[in-house]
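Heads up: the structure comes next, in structure tokens.
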Amino acid sequence: MRSLAVFKVVSFQVVLAYNVHRSFILIYYGDNAATGQPWQAGYNTVDSVSSFKIPAASVSELSSSSNINVTACWSFHVDGSPILPANFLPFGNGEAVTPRLENGSSEAITLQQPFKFFGRTHNQTFVNNNGYLIFTEPLSTHILPLHSGRDIIAPLWTHLDNRRGGTISYREDTSSAVLAQVTAVVQQYFPNLQHSFTATSVFVATWDSVPYFSDEGVVTFQVVLTSNGDHSFILFNYGVLAETRQPWLAHYDTVDFEHSYNFSLLTVSELSSNSNVNCNGRWVFHVYDVCNTLDCTGNEVCRFRDGYGCGCLEGQRPNPETFDALEFCASSTGTISLSSCQLFESGFPPEILHLNDPSCKGVSENGRVLFHFDNEGHVCGTTLSSNGTHFIYQNTIQSTLPKGVITRERWINISFSCAYPLIQNLSMPKEIQAEHGSTGSALVSKSGLDSSSASSILISSSTATALVSNSALDSSSAGFAVVSDSGSDSGSAGSALISSSAISTLSPTCSFCFMFVLSIDLPGRGTYQIRMIPYHDAHFTCPYEGDVEVQVNQQMYVAVEVEGVDRSQIATVLDNCWATPVNDIDYQIRWNLIIRECPNPEDGTVEVLQNGIDTTSRFSFRVFTFTRPSDQIFLHCQMHLCLVQNGRCAQSCNPGHRRRRRRSLAFYHSAAITMGLKKS
């Protein structure tokens, strides 16, 4: 029987891939039979300068190995150009190229989407062989004027010669992949834009392995223009850059020289090893008209100081030692505003300022930077303290410091506070009219009277209210001055209303500070209200309204309320209540109702119903008249505020437990309350 011949075969494919910039060889291997014949795989050049031999021991191994981690596939970059860094955008495929001319330029390139460059809109551009873009007309010179009087973007302006190699190509790209790539880059480096940036157009120009005219080597770099219609950015991407002795310049400039940036580097190669966005070889610039977006007020003007911002117009810098600080305090809230333009001119942009809690930033509004704290989810590191004469909410405006052991940057520290006074007297007159009736023979007649011999009293309908605003601290209390304080005795009370606008500032004192630290103390004033309301009932649900007839010896219920303070932290305490026959709290004839927070033991009708546990205190007594000639009586109460953090503020009035208490540092405020009685 005749035997059949067996043929051994091989299968493989070679692909040459190239564009105007790059050339590659791809070799694919199928099933390859082993052979005893000589063989080799790889590539070589005519001068044997560039060559590669695939390291396989047998032909069959070509199908089971690779240099790119894809079995049976080998790939080679064979145009001799350097590998591009990752920061380059794709280029080459289908791009237009500039002519190979010394000092040559592209034709006018119409932009599908206009590019805004510091307020000027350009609908075309020119790509110059010598490493720059220009918008109005082509230039045919490699001379490097620092200010050319044109809008110009120059990633590397020097004398280049693409006649001897390299390629200069460009394109405008609106593909979703490239737009997404550029959008991500801008958002990464500019995360604090007022509105998130999304690129709608990208223009890319690339100088790939272009030789210097001096033949000192080649350079590879790229410029990217991107815009969303309102905001524009430029990206400079640098690859391998040979050193040169030629003059060179990397910068951008505007026709009016108002906006420019010059790279202050010693050598060309430093463009690839440095960055302004912490990514070596990449430089990114926001090139929109900053002044048109700053929204400066009528008292401000756009200026440059380490960046653009709203500076103060001449004559518009009131109170510069405190940045024209304005404070408002009410209850447990505080607001302070500073002049934006004064902060900017001093080198403190609003975005680096915060309260004690770094998350509590300022809000820019109408030329002011506002900082606010309250006790409802916005404490912001505020502290509450007392010093024996005031209770004080305090916070600090400070700048964010860089991390590290030392810094040579200036920083700011502005302490501000809302202080409320300890002693202050409040007069709350209410006219009370009594009908004719019998009275007793003692100093006061109130008990032991039957209904047939009782006098009646009329109470006017108005509810007495007093507004209390803070006075400033004395010199021993953080540098404030006392405005109007009265003593805390039951027999002496001050004026009906305190109002103070005194604000003092402390200049920083440093033995070694070089003015790097700016420290300011700004005291503020707070306001709250004290009201006294008479009620019909023990449940305090029915206040007197209009002219109401009250019988002598009838039980009257009185509430003393403080509004405008934080009831979770502060309580109202009645210290003393007493009556006089005339509207004078210091009058010598008086009858005590409450003495040192407790009922007068000589008057069994007085009952302290609530004291020192809330912002409202309550008591009751039986109505009476004085026996001395007078058609009125006036009721006075003295009270104070205290912190409740250490428990109950008022002392116990149980028999055997009363003791004179030293006034705590938590006591804040006292007031006198007056009610009038008039016999008809």
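The values are calculated or read from the model by the stated rules, or taken from the named source; none is laboratory data. All values reported here derive from a predicted model rather than from experimental measurement. A quick note on method: Cβ atoms are made from the backbone with ideal geometry, for glycine too, and the neighbour counts reach across all protein chains shown. Note: accessible area is taken over every heavy atom of the protein model, side chains too, but ligands, DNA and RNA are not part of it. Shrake-Rupley method; radii C 1.70, N 1.55, O 1.52, S 1.80 Å.
Remarks
- Within the stretch 20-69, being in a loop (DSSP other than H, G, I, E, B), in contact with a strand residue (DSSP E or B) (Cβ under 9 Å, 6 or more places away or on another chain) and surrounded by 11 or more Cβ atoms within 10 Å (Cβ to Cβ) holds for VAL20, HIS21, ARG22, GLY30, ASN32, ALA41, SER50, ILE54, SER65, SER66, ASN67.
- Residue that is surrounded by the most Cβ atoms within 10 Å (Cβ to Cβ), among those in the stretch 70-87 that are more than 22 Å from SER50 (Cα to Cα) and modelled with pLDDT of 80 or more: ASN87
- Condition met for LEU16 (at pLDDT below 85 and open to solvent by 90 Å² or more (accessible area, probe 1.4 Å)): no
- The residues listed here are PHE233, PHE221; of these, the one that is assigned to a strand (DSSP E or B), surrounded by fewer than 23 Cβ atoms within 10 Å (Cβ to Cβ) and either among the hydrophobic types (A, V, I, L, M, F, W, C) or at pLDDT below 90 (or both) is PHE233.
- One residue from LEU266, LEU241, LEU249 being among the aliphatic types (A, V, I, L, M), over 35 Å from the mean Cα position of the chain (by Cα) and more than 23 Å from VAL127 (Cβ to Cβ): LEU266
- Checking each residue in the stretch 579-606 for being under 52 Å from the mean Cα position of the chain (by Cα) and not basic (Lys, Arg) picks out ILE585, ILE594, ILE595, GLU597, CYS598.
- Inclusion of ASP79 among residues that are under 26 Å from ASN19 (Cβ atoms) and touching a residue at least 60 places away in the same chain (Cβ under 8 Å) is warranted.
- Every residue from the stretch 365-390 that is at positive phi and touching a residue at least 40 places away in the same chain (Cβ under 8 Å): ASN366, GLY367, GLY388
- Matching residues in the stretch 555-566 - criterion: being crowded, with 16+ Cβ neighbours inside 10 Å and either in contact with a Lys or Arg (Cβ under 9 Å, 6 or more places away or on another chain) or free of Cβ contacts under 8 Å to residues at least 40 places away in the same chain (or both): MET556, TYR557, VAL558, ALA559, VAL560, GLU561, VAL562
- Strands (runs of 3 or more DSSP E) wholly inside the stretch 88-200 that include at least 3 residues being open to solvent by less than 60 Å² (accessible area, probe 1.4 Å) and of a type in the set (D, E, K, R): 167-173
- Looking across the stretch 578-629, the residues that are part of a loop (DSSP other than H, G, I, E, B) and among the small types (Gly, Ala, Ser) come down to GLY604, GLY612.
To keep it simple, each residue is scored yes or no on (1) closer than 19 Å to PHE233 by Cβ; (2) charged (D, E, K, R).
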{"site": "THR98", "(1), (2)": "no, no"}
{"site": "PRO114", "(1), (2)": "yes, no"}
{"site": "GLY119", "(1), (2)": "yes, no"}
{"site": "HIS122", "(1), (2)": "yes, no"}
{"site": "THR125", "(1), (2)": "yes, no"}
{"site": "ASN130", "(1), (2)": "no, no"}
{"site": "GLU172", "(1), (2)": "yes, yes"}
{"site": "SER175", "(1), (2)": "yes, no"}
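- Complete set of residues in the stretch 567-599 that are acidic (Asp, Glu) and either open to solvent by 20 Å² or more (accessible area, probe 1.4 Å) or farther than 30 Å from ALA330 by Cβ (or both): ASP584, ASP586
- Hey, ARG305 surrounded by fewer than 18 Cβ atoms within 10 Å (Cβ to Cβ) and touching a strand residue (DSSP E or B) at 6+ places or on another chain (Cβ under 9 Å) or not: yes
- A Cβ distance below 8 Å, combined with a sequence gap of six or more or placement on separate chains, defines the contacts here; from the stretch 346-364, residues that are basic (Lys, Arg) reach residues that are open to solvent by 40 Å² or more (accessible area, probe 1.4 Å) in the pairs LYS361/GLU351.
- Verdict on TYR393 being over 17 Å from the mean Cα position of the chain (by Cα), open to solvent by 60 Å² or more (accessible area, probe 1.4 Å) and touching a residue at least 12 places away in the same chain (Cβ under 8 Å): no
- Checklist (1) at pLDDT 85 or above; (2) open to solvent by 50 Å² or more (accessible area, probe 1.4 Å); (3) under 52 Å from the mean Cα position of the chain (by Cα) applied to ASP537, failing item: (2)
- Count - residues of the stretch 236-279 that are surrounded by 14 or more Cβ atoms within 10 Å (Cβ to Cβ), farther than 18 Å from GLY131 by Cβ and of a type in the set (S, T, N, Q): 2
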